[in-house]
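Worksheet: one structure, shown below.
The values are calculated or read from the model by the stated rules, or taken from the named source; none is laboratory data. No experiment lies behind these values; they were computed from the predicted model shown. In this analysis, Cβ positions are derived from the backbone assuming ideal geometry, glycine residues included, and neighbour counts consider all displayed protein chains. Just so you know, the surface numbers come from the protein's heavy atoms only, side chains and all, with ligands and any DNA or RNA stripped out. Shrake-Rupley method; radii C 1.70, N 1.55, O 1.52, S 1.80 Å.
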Amino acid sequence: MQRSSDLTRSDLADPAVTQFVRRIEANVSHYSDDSVDLLRSLAEADLAGGAGSTDDMSAIVLQEELVDLYNTGALSPRQDGQERGRRPNVPLVAVHPKEGTFNLDHPFVVLPSADERQRAAATDFLAFLTEDAQQESFARLGFRDHERRASAELLANVGAEPTGGLSYFEPPDPQVVGAMLDGWRMLRKKANILIALDTSGSMQAMVGTRTRFQVASAAAGKGLALLNTEDRVGLWSFSSETRKRPKSPYREEIPLGEFDQKRINSKIAGLHVDGGTALYATVRAAHRELLDRYDPQRINAIVVLTDGKNEYRQDNDLAGLLAEVALDPRRPVKVFCIAFDRESDFATLDRIAKASSGKAFDATDPAKIDEAFVKLVSSF
């Protein structure tokens, strides 16, 4: 039987292999750049009664240590002074593949440039790390010991190993790993993304030498560059009714369709900034639009970029909106929000995102908006 360490680049090009990977990816709900953050959201939803992010998630690829931390409450919400929160109502069940798995090692390496004194210090430090007291400390955090042995407590929290113990794959050749990364953009699940960009008057406020709108536009341009060329992307603008948009608080600027980054960037640069913030009405309409254009072969998501809170009296029904965007596991449409000013109502954006099993990103510090976009795009 072929093992991971035996993989070749021709194996990766085998149509049977690529088709297998595509079938796996077709079941993806959405991606995440941070497994710890994902588990914190899962624990919060679990302890709140299972609403939101638990509804469309059946399996996650994780290191064993994170399963232990989740099941023991280390990733659950905690009160001041608590080391850990409550254990989740529904713990994770670890599945150790019988075919084999990778050892996510934290290697101890002495560089060739080390002199004799440094090598002696390294030898002493390695001996210290492998002593019982330090190994027990690692075990309390969910790690195996330096000989890959699991403590009884770890196995009690994550489940028993396969009969005969775990078998481990060796890493593939670096060139094969490179080929995997090159092929990932084509094999990963593609997305339908509807971007709703806040063009209310408050976007004219200055952030240093630029307006909020200029800061948001620049960050959006950088984020769009990270999307897959096969994604489908649409653009809406929203504020409230204005002289240039008298009939609706939102407008379709670019229909959901083939991703054209230059066209989107050009359209954003020409948008007019005016009016209040019709947040709820826009999210409601965008959600209905994606349900009408739903594609079961893609991740279907709304991305909301705003610097404020709902100021639209004609639709001030947050409870109704949360019910409307609540995740339907049969046709999931997720809402992702970026709040990029301190005036943003992040708490409400977070509630909207979580109701749909999406995520809100806090970029109220303008220096973090580029980072927020990278995290956002990692979801698709």
> Name the GluC sites (Glu not before Pro) in segment 51-132 that are in a loop by DSSP and that have at most 13 other C-beta atoms within 10 Å, would you?
Replying inline: Glu83, Glu99, Glu131
>> Residue by residue through segment 252-268, what is 3J(HN,Hα) from phi via Karplus (6.51 cos²θ - 1.76 cosθ + 1.60, θ = phi - 60°)? Round to whole Hz and write x for glycine and proline.
In response: 6, 8, 9, x, 4, x, 3, 5, 10, 4, 4, 5, 5, 4, 5, 5, 4
> Roughly how big is segment 62-132's charge dipole about its Cα centre, with Cβ charges of +1 (Lys, Arg) and -1 (Asp, Glu), in debye to the nearest 20?
Replying inline: 380
> Where both residues lie in segment 153-301, what percent of DSSP beta bridges are antiparallel, nearest 5?
Replying inline: 45
> Using alpha-carbon positions, what is the distance between the centroids of segment 65-95 and segment 135-182, in Å?
Replying inline: 20
> Roughly how many debye, to the nearest 20, is the charge dipole of the chain about its Cα centre, given +1 on each Lys and Arg Cβ, -1 on each Asp and Glu Cβ, and no other charges?
Replying inline: 1560
> How large is the accessible surface per residue of segment 192-255, computed with a 1.4 Å probe and reported in Å² as a whole number?
Replying inline: 42
>> Ignoring ligands, DNA and RNA, please state the percent of accessible area on segment 147-283 from carbon and sulfur, probe 1.4 Å.
In response: 52
> Taking the highest mean first, how do the peptides 122-130, 328-336, 84-92, 235-243 order by number of other beta carbon atoms within 10 angstrom per residue?
Replying inline: 235-243, 328-336, 84-92, 122-130
> Along the charge dipole of the chain, Cβ charges K/R +1 and D/E -1, which of Ala16, Ala286, Ala355 sits furthest on the positive end?
Replying inline: Ala286
> From the list (i) 22.0, 71; (ii) 24.1, 77; (iii) 21.3, 76, can you say which value of Rg and Dmax of the Cα atoms in Å was derived from the structure given?
Replying inline: (ii)
> Going from most exposed to least, what order do Ser356, Ser35 have by accessible area with a 1.4 Å probe?
Replying inline: Ser35, Ser356
> Which percent of the accessible heavy-atom area of segment 299-380 goes to carbon and sulfur, probe 1.4 angstrom?
Replying inline: 47
> What pairs from Lys222/Lys309; Lys267/Lys354; Lys309/Lys359 go past 28 Å between their alpha carbons?
Replying inline: Lys267/Lys354
> If you roll a 1.4 Å probe over segment 48-143 with all protein chains in place, what percent of the accessible area is carbon or sulfur?
Replying inline: 55
>> Using the crude model of +1 on Lys and Arg Cβ and -1 on Asp and Glu Cβ, and no other charge, please compute the dipole size for segment 238-279 relative to its Cα centre, in debye to 20.
In response: 160
> Just for the chain, what percent of DSSP beta bridges are antiparallel, to the closest 5?
Replying inline: 25
> Using modelled backbone amide H atoms (1.01 Å from N, in-plane), which distant-in-sequence or interchain residues come within less than 5 Å of Phe361's amide H?
Replying inline: Cys337, Ile338, Ala339
> What's the center-to-center distance, using Cα atoms, between segment 301-373 and segment 227-294 in Å?
Replying inline: 15
